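Visitor: Sharing a structure here in structure tokens format.
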Amino acid sequence: MFSTRFLCQHCQQPLKLRQSSGTVCSAQEEPGGTEADSGSSTEPEASGGPPAGAPSSPREPTDGRMMQPSAAHFTLVGRFPSKKTLGHIQKTHAHIFDVISDLEGVDRALCTECTDCLLEQLDRQLAQAQLDCQTYRRCLELGPQGSEAEGAALQSELWGLMLEEARLVRELGNLDRSHAKHVRDLRALQWQQQELSDQLSSLGNQLSYAQLQTRALRATDIFKATFEISEDGPLGVINGFRLGRLPGVPVGWGEINAAWGQAALLLLALSKAVGLQFQRYRLVACGSRSYLKSLTGDGEELPLASEGRDNVFLDNKFDRAMLAFLDCLQQFQQEAGRSGLRVPYTVHAQGGLLGDGVGPTGPYSVRTHLNTEEQWTAALRRMLSNLKSCLAWASQRYCPK
């Protein structure tokens, strides 16, 4: 009259409830079941059996406990203890009525195949548990015998590992200190590299500037850039210093001495340019204190300067110095004349004369003794003219454009 649902917990297949006794059977049971089975199921169960309509399993635990679901999602139905109290009987009848009335679903029954599979799994788990138990027993039996030796070996190994750890810690500390030292050395070297790079850059700039100046100097006429000879009326001028004096042009002796120093420096530079070593005298250019030193006799020094006393024209030592200067000039003109030097005036060093002929164009003496200021100044102006020609010749020969 009512439709009852009985499902297998594992495969969710519908189960059939036997009409005679309410025993749950598999829907997959063969339809040719024997009447004996059916008849035996109608016999009343023992007083300790489950209530009518309660699902049962082919194998049930004998201790009356409910089995928990396994990993395969099986649920075992245990045997309920016998309770013949009035309340228990009423609850059992109410539960059966709910099941028959389709008010409560039965979800704890298993079909025959799932039950067999569950039992096989339980057997395997039991066998594995027994094997583990035997293994644990053997370990417990062998444990006291090998524990001391094994513990000593492990302790020794632990001690060795601790020593190795301490050694590695010390090595790590050494490596850290070495790394810090290398970092400091690297920074010092980088700083030194920066300084050397700056120095190299500075030296490169200096070299470039020096090369530029060298090219400029090579293109410069050193003689013309250093010495300039000109005339200021009847007076000869060298590098801005007048050489000579006239009654109407009283040139100071300091300026005259400086002019003689410039003339000595020019003649010395010209002699070095041609590689000439003067005979009889050595010319020493010292500005307004220049002099010539005799290479014969006692090495007397002849100053190319005067103190400007009133008897200056009687100073024979100053005259001898001017004669020695003309001797050196004559030696240079002879040496450079072999290479094409031409001078406007002839030099007679022995007599201290410059020029040829007589009269106004005649030779003039560089002596101050028994000579006038006009003639002495004219002789000095002719000497500077010869030096100017020598300067132009040396500039053309040794300073080509």
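Visitor: Cβ contacts < 7 Å: first residue farther than 14 Å from S271 by Cα, restricted to region 379-401; second residue of a type in the set (D, E), any location; separation 6+ or different chain. Result?
Guide: Correct list of pairs: R381/E231; C399/D221.
Visitor: Moving on to the next point. Out of E141, E104, I need the residue that is modelled with pLDDT under 85, outside the structural domain of Q13 (by TED's automatic domain parsing) and among the charged types (D, E, K, R). Which one?
Guide: Working: E104 fails: outside the structural domain of Q13 (by TED's automatic domain parsing).
It is E141.
Visitor: Within region 329-341, does at least one residue satisfy the condition of being surrounded by 17 or more Cβ atoms within 10 Å (Cβ to Cβ), at pLDDT below 95, among the hydroxyl-bearing types (S, T, Y) and in the same structural domain as V366 (by TED's automatic domain parsing)?
Guide: Checked region 329-341: no residue is surrounded by 17 or more Cβ atoms within 10 Å (Cβ to Cβ), at pLDDT below 95, among the hydroxyl-bearing types (S, T, Y) and in the same structural domain as V366 (by TED's automatic domain parsing).
Visitor: Going through region 189-244 one residue at a time, which ones are within 27 Å of the chain's Cα centre (by Cα) and of a type in the set (A, V, I, L, M, F, W, C)?
Guide: L189, W191, L196, L200, L203
Visitor: Considering only strands (runs of 3 or more DSSP E) fully contained in region 222-311, which possess at least 2 residues that are loosely packed, with under 15 Cβ neighbours inside 10 Å? Walk me through how you get there before you give the answer.
Guide: Details: elements: 229-232, 235-238, 241-243, 281-284, 291-294, 301-303.
Hits in region 222-311: 229-232.
The values are calculated or read from the model by the stated rules, or taken from the named source; none is laboratory data. All figures in this text were calculated on a predicted structure; none of them were measured in a lab. All Cβ positions, even for glycine, are placed from backbone atoms using ideal geometry, and neighbour counts span all protein chains on display.
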